[in-house]
Amino acid sequence: MGTKTEDETETGTPTGTTAGPDEQVTEQPGEPAAEDLVEPAGGPSGVGQGAAAVVSAALGVVSLTGSWLGTVAAARETLVGQLRTAADAGVATQVKEIYGDAWHTSALWGGLFALTALIVGAVVLVRPAFGTPGRTAQAPWIKSVAWAGVALGVVGLLLAVLKYTDVLLGLPATG
């Protein structure tokens, strides 16, 4: 075979190349071992955490923009208010029963979506603390999206409370 260079192992195979079935491969110093590059079977890959972070952000957006469920519940409450209100009821009673209850129902559903976004985002952020010891790293994008979900949830919850308590866009005064 001739003389061996520094880049060859005892078997004559250059370092970093694939060896035959009976040959051993040595790795360059400072390079990660092949088993370190592969995720262990059953190990956390972050897919679930990433999906939960995206769900959190989406729920936060829904809490701010409104949902189909909230719209249907508010329309139902409007119908119930119309059925309950007598024809000779005063204007204040009609406004409260027909519009006020629907407004509060819409705020309640927005608040539920916001609270769910807040909880899901918080769970994603604290999840690494309860995972496999030594594997607390979480992809930066997962943290960013989870924080966005938490922030949107807080804003949505605040707006829902202000809307429900009539501080924000309360019913008009009837007089």
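Read-outs throughout are calculated quantities, based only on the coordinates presented, and are distinct from any laboratory measurement. Since the model is a prediction, treat every value here as computed from it, not as a measurement. Note that each Cβ is placed from the backbone with ideal geometry, even for glycine, and that neighbours are counted across all protein chains shown.
Just a few scattered comments:
- Residues (in contact (Cβ under 8 Å) with a residue 12 or more places away in the chain and either under 14 Å from S63 (Cα atoms) or not in a helix (DSSP H, G or I) (or both)) located in segment 122-136: G131, T132, R135
- Of all residues assigned to segment 158-167, at least one qualifies as being in a helix (DSSP H, G or I), without any contact (Cβ under 8 Å) to a residue 12 or more places away in the chain and more than 30 Å from G48 (Cβ to Cβ).
A quick yes/no check of all residues on (1) among the charged types (D, E, K, R); (2) surrounded by 16 or more Cβ atoms within 10 Å (Cβ to Cβ); (3) in contact with a Ser or Thr (Cβ under 6 Å, 6 or more places away or on another chain):
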site	(1), (2), (3)
E77	yes, yes, yes
Q82	no, no, no
F113	no, yes, yes
P140	no, no, no
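- Filter result for A146 (assigned to a helix (DSSP H, G or I), under 19 Å from the mean Cα position of the chain (by Cα) and under 23 Å from V62 (Cα atoms)): yes
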